[in-house]
Amino acid sequence: MKIFIFAVFFAVFAAGCASSSGSGNGIVHAPPLSDPATMARRADELAKVLEPCRVRGLAFRPETLADSHFASPADFLALVREFGFNRLYVYLASPESLELPQLDELFVEAGKEGMPVEAVLPESCYVIGRRGNFILRNFVSGGTTLEEMLAHLREFEADHESFRFSGVTVLAEPHLFTSANPRRPKNLVFAWSDKTFGPGLDNDRIMRATLQKLSAFGAELGSTPFTVAMPDFYEELVQEGKLSCGSVADFSAAAPKIMIRNAGNKPTEAVEVVRNELNAAKPGSLLVSITLAEHTSVTAGSLRRRNWADFIRSLDYAIGQWKQYPAFDGVVLGPFSRIETLHQEK
């Protein structure tokens with residue numbers, strides 16, 4: 001059941017693997033229906049809820065930002081700070097994402113203001129590079145590898161001397177390499193399936209190859225902080241003996257910081273689905289990523305949000321529970337467009 005719910009959750013990000021040349025002008029945003037005083041109060045409410053978290057990350061795809069945000073990066077960052085966020089997590093689905101008009105101006109302004117910007121790279125959007133191991137060599141197909149994308153990040157930094165990415169996060173997604181996935185590497189001899197669980201079977205081999213790849217990629221990052229984001233069901237698969245690897249401990253060997261992509265809908269579910277991970281992680285090493293539901297009717301895969309008050313109550317409850325675990329270090333909340341819509345609604 002947890003895997004099915006996460007599949008719904010992943011749909012939020014899956015579309016981003018295709019390159020986009022837009023700058024947000026095709027996105028329809030809700031008009032500012034609330035009065036300024038109400039919006040100011042709401043921003044303060046969110047900031048207070050996030051305050052107990054050391055890391056208060058805002059996640060977004062640059063393609064979904066409104067033109068007005070690109071037109072005035074300083075105003076956009078001021079709003080981000082009003083909401084209480086202290087770090088940006090920017091989903092980059094391809095090298096073309098870095099070429100979005102005015103994105104460099106936003107990043108440079110963030111650097112000037114001391115707002116950290118972390119590059120988020122979905123594994124399913126980047127092919128696995130060649131290495132000597134037989135299994136890893138079969139993760140090869142046409143497209144950009146993680147290593148090649150890292151080279152693009154370094155080139156971007158070289159072209160903007162005042163800006164440096166504060167970290168790189170890779171979304172671990174081996175469960176997406178099913179035989180039906182059109183983005184599955186063409187030469188991958190294994191395929192994730194409900195029928196291939198068990199030590200040494202396809203799912204286990206794909207997971208092990210992913211862990212090896214992430215360890216190698218982390219080494220190439222050098223001093224750049226590295227985070228691995230994993231779904232909220234891998235830990236249980238390991239505990240149930242369906243996988244021999246893929247636990248929080250295993251991913252922690254590849255990266256010092258772990259992010260759990262929480263697919264809970266109700267606040268109680270959001271707490272429960274990461275309980276095992278919070279118990280297993282090292283102190284101060286775990287972030288919880290929360291995706292806000294696209295519609296009020298959504299009942300699985302992302303945090304519900306009937307209205308602003310419901311969203312704040314749910315988030316406040318969840319953070320209050322997570323804060324009791326020594327491993328908890330903060331949250332990454334998104335997408336920004338949905339937060340902004342709720343903020344503006346009457």
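Figures for the structure shown
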{"read-out": "Hits in segment 91-105 - residues which are surrounded by fewer than 22 Cβ atoms within 10 Å (Cβ to Cβ) and outside any loop (DSSP other than H, G, I, E, B)", "value": "Pro95, Glu96, Leu98, Glu99, Leu103, Asp104, Glu105"}
{"read-out": "Condition check for Phe76: open to solvent by less than 30 Å² (accessible area, probe 1.4 Å), farther than 30 Å from Ser314 by Cα and part of a helix (DSSP H, G or I)", "value": "no"}
{"read-out": "Output for segment 195-250, where each listed residue is assigned to a helix (DSSP H, G or I) and among the small types (Gly, Ala, Ser)", "value": "Ala209, Ser215, Ala216, Gly218, Ala219, Ala249"}
{"read-out": "Segment 320-335: number of residues that are at pLDDT 95 or above and closer than 22 Å to Met39 by Cβ", "value": "2"}
{"read-out": "Sole exception among (1) touching a residue at least 60 places away in the same chain (Cβ under 8 Å); (2) crowded, with 20+ Cβ neighbours inside 10 Å for Ile260, by number", "value": "(1)"}
{"read-out": "Matching option when the condition is polar (S, T, N, Q) and at pLDDT 95 or above, among Ser166, Ser179", "value": "Ser166"}
{"read-out": "Residue count for segment 242-253, restricted to those that are open to solvent by 40 Å² or more (accessible area, probe 1.4 Å) and in contact with a Leu (Cβ under 7 Å, 6 or more places away or on another chain)", "value": "1"}
{"read-out": "Condition met for Glu82 (among the acidic types (Asp, Glu) and closer than 20 Å to Val120 by Cβ)", "value": "no"}
{"read-out": "Those residues of segment 206-241 which are of a type in the set (Asp, Glu), open to solvent by 50 Å² or more (accessible area, probe 1.4 Å) and under 20 Å from Glu277 (Cα atoms), in sequence order", "value": "Glu240"}
{"read-out": "Pairs, first free of Cβ contacts under 8 Å to residues at least 40 places away in the same chain in segment 41-67, second aromatic (Phe, Trp, Tyr), C-beta under 7 Å, six or more apart", "value": "Ala47/Phe83"}
{"read-out": "Pairs where the first residue, in segment 326-346, is within 13 Å of Phe85 (Cβ to Cβ) and the second is open to solvent by 30 Å² or more (accessible area, probe 1.4 Å) and among the hydroxyl-bearing types (Ser, Thr, Tyr), C-beta under 9 Å, 6+ apart", "value": "Pro335/Thr64; Phe336/Thr64"}
{"read-out": "Subset of segment 303-346 that is within 16 Å of the chain's Cα centre (by Cα) and open to solvent by 10 Å² or more (accessible area, probe 1.4 Å) - its residue that is farthest from Glu272 (Cα to Cα)", "value": "Ser337"}
{"read-out": "Meets criteria (open to solvent by 60 Å² or more (accessible area, probe 1.4 Å), at pLDDT 90 or above and among the aliphatic types (A, V, I, L, M)) for Leu201", "value": "yes"}
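The values are calculated or read from the model by the stated rules, or taken from the named source; none is laboratory data. Keep in mind it's a predicted model, so treat the numbers as computed, not measured. FYI the Cβ positions are ideal-geometry reconstructions off the backbone, even for glycines, and counts take in every protein chain you see. Protein only, heavy atoms only, side chains kept; ligands, DNA and RNA dropped before computing areas. Shrake-Rupley method; radii C 1.70, N 1.55, O 1.52, S 1.80 Å.
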